[in-house]
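Below is one structure, written out as structure tokens; comments come after it.
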Amino acid sequence: KYLGEQFDIHGGGMDLMFPHHEAEIAQSCAALGHDSVHYWMHNNMITIAGKKMGKSYNNFITLEQFFEGKHVLLEQPFSPMTIRFFILQAHYRSTVDFSNDALVAAEKGLARLTEAYQRLMKIKASATTSEHLNPELLNSLRERCQEAMDDDLNSPIVISHLFDSARAINTVFDGKGTISEADLKELREVWKTYAMDILG
């Protein structure tokens, strides 16, 4: 009714592969003669300080509790963007382990990337060439980010590439290097595409 006979992505936890998702495949094949889903994406488990998250373990944290900091395992509130960034730092098929320390580290990492993006928007291009910057890093950033996303949505690798290029941005911003108009334009476009549009 809502998705039509076929749709692209069906997500869910790895624990739902059998029997739930296999049952969905069987039902759609029996009813329609074909599988309805093009890509199945199964995320791994969420743990809290190394232990599986669950109400029975009394370590279940809601998003509202993360945002308000109102849980015995949290020392402060965390913004929705910090939670998002923390999750994107792990591949969706990897276990995500929430802890107060890990969230604090994610908050600091997000702040560094946000500052680099703000600096990128402020720096000026030099006359012709980029100096004291890694030319291979600047020239291949778009391709390396695309390759990572094409590799089963490998968001942690994209984030690491953005951190690498943040050093170049800071070098220019601090007056210890120059960047050409073409390199600056490309860097801004790549950051907008991957940091803002794709990773959000």
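For this structure, a couple of remarks:
- Cα-based helix-to-principal-axis angle, 22-32 vs the chain, degrees rounded to 10: 80
- Accessible surface of the chain, 1.4 Å probe: 55 percent of it comes from carbon and sulfur atoms.
- Summed side-chain charge close to residue 113 - residues other than residue 113 whose Cβ falls under 14 Å, Lys, Arg +1, Asp, Glu -1: +3
- FRET efficiency for the residue 63 to residue 101 pair, using the beta carbon distance and R₀ = 25 Å, is estimated at 0.85.
- Backbone geometry of region 44-57 corresponds, through the Karplus equation with coefficients 6.51, -1.76 and 1.60 at θ = phi - 60°, to 3J(HN,Hα) couplings of 7, 6, 9, 10, 10, 6, x, 10, 3, 6, x, 4, 5, 8 Hz, x marking Gly and Pro.
- By the Cα gyration tensor, region 1-97 has an equivalent ellipsoid whose semi-axes, rounded to whole angstrom, run 34, 15, 12 from largest to smallest.
- Dipole magnitude of the chain about its Cα centre (Cβ charges: Lys, Arg +1; Asp, Glu -1), debye to nearest 20: 700
- Of interest is the spacing of the C-alpha centroids, which for region 5-39 and region 92-153 amounts to 35 Å.
- Probe 1.4 Å, accessible area per residue of region 1-146, Å²: 65
- Within the shell defined by Cβ-Cβ distances under 15 Å, the residues around residue 147 carry a net charge of -4, with Lys and Arg each +1 and Asp and Glu each -1.
- Crossing angle, helix 181-191 versus the chain [Cα axis fit, 0-90 degrees, rounded to tens]: 20
- Amide hydrogen neighbours beyond the local backbone of residue 97, cut-off 5 Å, H modeled: 47
- Distance in nm between pseudo-label sites at residue 14 and residue 142 (7 Å out along the Cβ direction from Cα): 3.6
- Spread over its residues, the convex hull of the C-alpha atoms of the chain is 155 Å³ per residue.
The values are calculated or read from the model by the stated rules, or taken from the named source; none is laboratory data. Note that this is a predicted model, so its numbers are computed, not measured. Quick reminder, even Gly has a Cβ in these numbers, built from the backbone with ideal geometry, and neighbours come from all protein chains shown. We work out accessible area using only protein heavy atoms, side chains counted, and drop any ligands, DNA or RNA first. Shrake-Rupley method; radii C 1.70, N 1.55, O 1.52, S 1.80 Å.
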